[in-house]
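The values are calculated or read from the model by the stated rules, or taken from the named source; none is laboratory data. All figures in this text were calculated on a predicted structure; none of them were measured in a lab. No Cβ is skipped: glycine too gets one built from the backbone with ideal geometry, and neighbour counts run over all protein chains shown.
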Amino acid sequence: MVVFSAYVFPKDFIFGAATASFQIEGAWNESGKSESCWDHITHFTDKIDDHSNGDIACDSYHKLDEDIKALKELGVDSYRFSISWPRILPDGFSNNVNPDGIRYYNELIDKLLANNITPLVTIYHWDHPQSLQLLGGWTNPRMVEYFADYARVAFEHFGDRVKQWATFNEPEKFCRDTIWGEGLSLGSVALDAVAPYLCAHTILRAHAKAYHIYKNEFSKQNGKLGIVLNLTWYEPLTNTTKDIDASNRKLEFEFGIYAHPIFTKDGDFPKVVKERVANLSKLQSFTKSRLPEFTEEDINEIRDTADFLGINHYTTSLISDASDEIDLFTPSTFNDIAVNYTIDPSWPASEIFWLYDVPWGLYKALMYVKNYTNNHPVYITENGFCEEAIDDQGRVHYYQGYLQSLSNAISDGTNIVGHYAWSLLDNFEWYRGYTKKFGLYYVNFTDPSRPRTARSSAKWLKNFIHDVKSNNL
Ligand code: PNW
């Protein structure tokens with residue numbers, strides 16, 4: 001441990017920046033790539049705020065040298081990016097591998113390594129082939145096999161050089177809304193009350209299957225494999241038992257539903273999740289719980305299948321119990337959870353509605369994770385702020401506070417091994433299109449050459465990483 005000013009980081013701590021394929025690559029139908037579910041949503045629905053799409057995005061498919069230049073300039077140790085499933089397996093299945101997809105990621109990986117930047121590769125960051133969406137997407141249990149086959153192709157082609165793998169990015173988020181639309185009510189029992197649980201059940205089995213393939217067939221590659229979960233910190237609004245229980249319940253439904261089966265010795269979904277969904281399902285006259293059950297075999301297969309946990313942490317909400325307000329007879333995940341959200345008006349707001357600058361929330365989240373996972377190694381795989389200005393003092397303030405909190409959590413015994421800023425670049429922000437900016441680098445989307453410009457936060461982070469490292473020498 002080296003102390004620099006007030007910051008403390010272990011000597012081999014990893015600093016990085018993150019992106020995801022659909023959000024940056026563009027080249028949506030080039031060189032053998034097929035349509036992804038997100039190409040489909042953006043082309044055929046009006047759900048995106050600015051009616052934009054990922055057809056060109058940051059054009060990183062043609063500009064990987066510029067991305068690497070930005071990473072190099074930042075002085076990061078690592079780059080977290082994701083692989084586009086339809087770019088390497090256009091039919092969705094592993095019988096047909098697209099050589100140009102393999103070429104692109106080979107080139108990216110080789111150039112990163114040549115610049116001393118290690119890759120952390122997310123196998124799935126929300127963009128599966130539309131052909132598999134037509135087969136039901138993540139509600140189809142066969143996706144377990146299709147995903148495992150896809151992961152095997154990734155290990156085969158890239159595993160000689162990639163030593164850090166994450167299977168899924170934020171399954172709770174995409175199981176809730178990314179394919180079907182967003183919002184607390186999507187308007188059907190199937191989507192509001194059933195699909196998120198079918199999806200969770202499939203994802204956990206797919207993750208475990210990929211883990212066992214990696215450990216059994218690719219043990220020689222000697223890498224690490226984990227999963228990335230979203231973890232907003234939920235602080236009880238008051239210190240009443242009802243609000244404390246409500247914030248715990250929210251954490252279990254959002255984080256525990258994935259973390260409990262993988263990281264606890266009991267395995268399986270959290271007790272409160274199983275009980276509440278079973279009880280409400282019964283009351284609502286379903287013949288069985290809307291939450292699928294795992295078999296004993298599934299539970300054993302899923303338990304202990306992560307070398308590390310990735311957490312995406314952005315912000316904090318204040319939680320109160322909503323049990324008295326909900327209609328128990330209306331099936332929905334919102335009613336299953338039964339909480340209300342609010343914020344403290346003194347928190348600095350970002351330019352996206354859900355994100356506030358609350359650095360102590362990260363400290364609490366990390367302490368919670370330490371307990372929950374018995375101090376498993378953790379990467380913060382995403383952390384960032386939404387602000388458009390080139391002189392983005394709000395983002396600088398955010399990183400100052402969050403890195404301080406992170407450093408405090410490390411001093412207090414949490415096992416945090418890395419931090420990735422979201423994002424390297426402004427990019428396609430899902431339902432917000434290009435209206436919301438998360439980049440350390442500004443991207444001019446009206447210029448066909450998509451020039452990248454360092455924001456103040458990029459310069460700040462560069463100096464920060466440099467200072468931490470030179471004090472660690
Ligand atoms: C993450 N929330 O999504 C994703 O992993 C990224 O792809 C995305 O660009 C980034 O965060 C910024 O949004 C989230 O409402 C979306 O709390 C929404 C929330 C959290 C994470």
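So the values come out like this:
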quantity: Selection from the stretch 85-114 of residues that are part of a helix (DSSP H, G or I) and among the hydrophobic types (A, V, I, L, M, F, W, C); calculated: W85, I88, I102, L108, I109, L112, L113, A114
quantity: Qualifying residue in the stretch 436-459 (condition: touching a strand residue (DSSP E or B) at 6+ places or on another chain (Cβ under 7 Å), within 22 Å of Q393 (Cα to Cα) and of a type in the set (S, T, N, Q)); calculated: yes
quantity: Residues that are under 20 Å from T381 (Cα atoms), buried (at least 22 other Cβ atoms within 10 Å of the Cβ) and of a type outside the set (A, V, I, L, M, F, W, C), drawn from the stretch 63-104; calculated: D67, Y79, R80, S82, S84
quantity: Flag for K69 being out of contact with any Ser or Thr (no Cβ under 7 Å at 6 or more places or on another chain), at pLDDT 95 or above and not aliphatic (A, V, I, L, M); calculated: yes
quantity: Enumerated strands (runs of 3 or more DSSP E) restricted to the stretch 282-388, each holding at least 2 residues that are modelled with pLDDT of 95 or more and within 30 Å of H212 (Cβ to Cβ); calculated: 308-312, 378-382
quantity: The listed residue being out of contact with any Phe, Trp or Tyr (no Cβ under 8 Å at 6 or more places or on another chain), charged (D, E, K, R) and part of a strand (DSSP E or B), out of E252, E235; calculated: E235
quantity: Number of the condition not met by S332 [criteria: (1) in contact with a Gly (Cβ under 8 Å, 6 or more places away or on another chain); (2) more than 30 Å from H397 (Cβ to Cβ); (3) small (G, A, S)]; calculated: (1)
quantity: Members of the stretch 255-272 found to be in contact (Cβ under 8 Å) with a residue 24 or more places away in the chain and either assigned to a loop (DSSP other than H, G, I, E, B) or hydrophobic (A, V, I, L, M, F, W, C) (or both), listed by number; calculated: F255, I257, A259, I262, F263, T264, K265, G267, D268, F269, V272
quantity: Test for G136: is it at pLDDT below 95, surrounded by fewer than 23 Cβ atoms within 10 Å (Cβ to Cβ), among the small types (G, A, S) and closer than 22 Å to P86 by Cα; calculated: yes
quantity: Residue match in the stretch 188-196 (condition: assigned to a helix (DSSP H, G or I) and within 16 Å of the ligand (Cβ to nearest atom)); calculated: yes
